[in-house]
Protein chains: 2
Amino acid sequence: MSYPREQSIQQATEVFWLKGYLGTGMRDLQTALDKRPGSIYSAFGSKEGLYLEVLNHYTGVLHGQIMAVANSDTPLQQLREFLLFPLTVEDSAAHKIQCLIVKTQADWAELPEGVKSELQAAIAQLREAFQTVILKARSMGELATDIPVERAAVWLQGQFIAMRTLATTVETPASLSWMVDKIVSDLSGEWAQ
Amino acid sequence: MSYPREQSIQQATEVFWLKGYLGTGMRDLQTALDKRPGSIYSAFGSKEGLYLEVLNHYTGVLHGQIMAVANSDTPLQQLREFLLFPLTVEDSAAHKIQCLIVKTQADWAELPEGVKSELQAAIAQLREAFQTVILKARSMGELATDIPVERAAVWLQGQFIAMRTLATTVETPASLSWMVDKIVSDLSGEWAQ
DNA sequence: CGCCAACCTGAACGATCGTTCAAGCTTTAT
DNA sequence: ATAAAGCTTGAACGATCGTTCAGGTTGGCG
C-alpha cells in the first residue's frame with residue numbers, strides 16, 4: 001500500500017516548488033505532510049531522499065507531457081498548447097510557472113552530490129524529449145528536413161526556460177503568449193551553421 | 001575613505017554569486033571579507049544590507065555594459081559581442097556564467113521584502129537597457145522600423161536568461177556560440193502580432 | 001601627550017537546522 | 001490470543017544560522 005507515499009510526494013512537491021531545496025526545512029515538510037520527523041525519515045531516509053523522489057516524479061510528469069506532444073499527429077501545434085498552458089494558471093499557484101528543475105539548478109553550488117547528478121540526468125532526459133518533438137515534427141512535414149536536430153532541441157529547452165522565467169516577473173503571465181508564437185515561428189527560421 | 005568598502009562588496013559578490021542569497025552564511029562572508037561579524041554589521045547593517053549593495057553594484061555594471069552596446073554605432077554587432085563574452089570565460093569562474101539576478105530570483109519566495117523589491121527594480125532597469133539597444137539598432141537601420149520595441153526588449157531579456165542558464169548545463173559553454181547568431185538573426189525575424 | 005571617535009575583535013545569544021531514537025501504537029500471521 | 005514486524009510519535013541532539021555587544025585597538029587633532 002504505497003498510496004500515501006504518492007500523496008506525500010505530491011505534498012512535498014508543493015513545498016519544494018515554492019521554497020526551493022535550500023529554503024525548505026524539515027519542519028515545513030512535517031507540516032505539509034502532517035507527519036512527524038521519524039515517519040518521514042523511515043519512509044524517505046533524509047531530506048535529500050525525499051527531494052530525489054519529488055524531482056523524479058516531477059521529471060516524469062514533464063517528460064510525459066513532452067512525449068505526448070511528440071506522439072501527436074501535429075507536434076508543432078501541440079507544442080504551442082504545451083508552452084501556452086502554464087501561462088494560464090491562476091495566481092494562487094504562481095510559483096508553479098517556474099520549472100522546478102530550473103529553480104533547483106540555481107542553487108547548484110549548494111546541492112548535495114546526489115541531487116546534482118539527478119538534476120543533470122533530468123535535464124538530459126527532457127532535452128531528449130524535446131529532440132523527439134523536433135524529429136517528429138520534421139517527419140510530419142511541419143519542419144524543414146535540414147533543421148539541425150540537436151541544436152534545435154537545446155534551443156527549444158532554452159526557450160522553455162526563458163518563457164517560464166520571464167513569466168514569473170510580469171504581472172500577467174498570459175500577456176506573454178505572443179512569445180509562444182515567436183518560438184514556433186523561429187523554430188522554422190534560419191539555422192545557419 | 002570608502003575604498004575598502006568597494007573591495008568588500010566585490011568579495012561579497014563572489015560569494016553570493018557562487019552560493020546564492022540563502023546558501024551564503026555570514027561566516028562565509030566573514031571569511032571572504034576577512035572581517036569579524038561586528039565590522040560587517042557596522043558597515044552594512046545586516047546580511048540583507050550587504051546583499052543589496054552587492055546587487056546594486058552588479059546591476060550597475062551589467063546595465064553599463066548593455067548601455068555601452070546601445071551607445072555604439074553598430075548596436076547589433078556589439079550585442080553579439082556582449083552575448084558571446086560570458087561563453088568564453090575559463091572554468092574556474094563557471095558560476096559567473098549564470099546571471100546573479102536570475103539566480104537570486106529563483107529563491108523568490110524566501111527572500112526578504114527589501115531584496116524582492118530591489119530585484120524587481122533591477123530586472124526592470126535591465127529591460128529598459130535592452131529596449132534602448134533595440135531602439136538604437138532600429139535608428140541605425142540594423143532593424144526594421146516596424147519591430148515591436150517593448151516585446152523585443154522582453155524577448156531579448158529572455159534570450160539572455162536562456163543562454164546563460166543553458167551555458168551552466170553544458171560541458172563547454174563556448175559550444176553554444178551558435179545560439180548568439182540565432183538570437184541576432186531571430187531579432188530580425190517575424191514579429192507578427 | 002592626551003583624548004575622542006571610529007573601527008575592529010571574538011565570545012556569546014536565541015533560533016532554527018537536519019537528524020536520531022526509545023517508546024507507544026497498529027497491523028498481520030500463527 | 002499472542003507474538004512479531006513495522007509505522008508513528010515527539011523530545012532531544014549537536015551544528016549552524018543571523019545577530020549583538022562589551023571591551024580592545026588604532027589614527028588624527030588640539
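Only residues that are within 21 Å of residue A:4 (Cα to Cα), surrounded by fewer than 18 Cβ atoms within 10 Å (Cβ to Cβ) and more than 9 Å from DNA strand C (Cβ to nearest atom) were counted in region A:36-72, giving 5.
Residues are listed down the side, and each one gets a yes or a no for (1) farther than 30 Å from residue B:95 by Cβ; (2) out of contact with any Ser or Thr (no Cβ under 6 Å at 6 or more places or on another chain):
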| position | (1), (2) |
| --- | --- |
| A:88 | yes, yes |
| A:102 | no, yes |
| A:107 | no, yes |
| A:122 | no, no |
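If you go through region B:9-39 and pick out every residue that is more than 7 Å from DNA strand D (Cβ to nearest atom) and within 17 Å of residue B:114 (Cβ to Cβ), you end up with 6. In region B:1-18, the qualifying residues are those that are more than 14 Å from residue B:55 (Cα to Cα) and of a type outside the set (A, V, I, L, M), and the one that is nearest to the chain's Cα centre (by Cα) is B:7. Can you find even one residue in region B:100-109 that is touching a His at 6+ places or on another chain (Cβ under 7 Å) and farther than 30 Å from residue B:149 by Cβ? Yes - at least one qualifying residue is present in region B:100-109.
Take residue B:88 and decide whether it is away from DNA strand C (no atom under 14 Å from the Cβ), farther than 20 Å from residue A:161 by Cβ and within 14 Å of chain A (Cβ to nearest Cβ). Considered against the rule, which asks whether it is away from DNA strand C (no atom under 14 Å from the Cβ), farther than 20 Å from residue A:161 by Cβ and within 14 Å of chain A (Cβ to nearest Cβ), residue B:88 comes out as no. In the set A:150, A:171, only one residue is more than 10 Å from chain B (Cβ to nearest Cβ) and modelled with pLDDT under 95; that residue is A:171. Residue A:143 meets the conditions (1) under 20 Å from the mean Cα position of the chain (by Cα); (2) touching a residue at least 24 places away in the same chain (Cβ under 8 Å) in every case but one. The failed one is (1).
Here residue B:124 fulfils each of the conditions (1) touching a helix residue (DSSP H, G or I) at 6+ places or on another chain (Cβ under 7 Å); (2) within 11 Å of chain A (Cβ to nearest Cβ); (3) at pLDDT 95 or above; (4) closer than 22 Å to residue A:168 by Cβ apart from (1).
Kindly check whether there is at least one residue in region B:150-157 that is among the aliphatic types (A, V, I, L, M) and loosely packed, with under 14 Cβ neighbours inside 10 Å. No, because not a single residue in region B:150-157 is among the aliphatic types (A, V, I, L, M) and loosely packed, with under 14 Cβ neighbours inside 10 Å.
The values are calculated or read from the model by the stated rules, or taken from the named source; none is laboratory data. All of these numbers come straight from a predicted model, not from anything done at the bench. Heads up, the Cβs are rebuilt from the backbone with ideal geometry, glycines too, and the neighbour counts pull from every protein chain shown.
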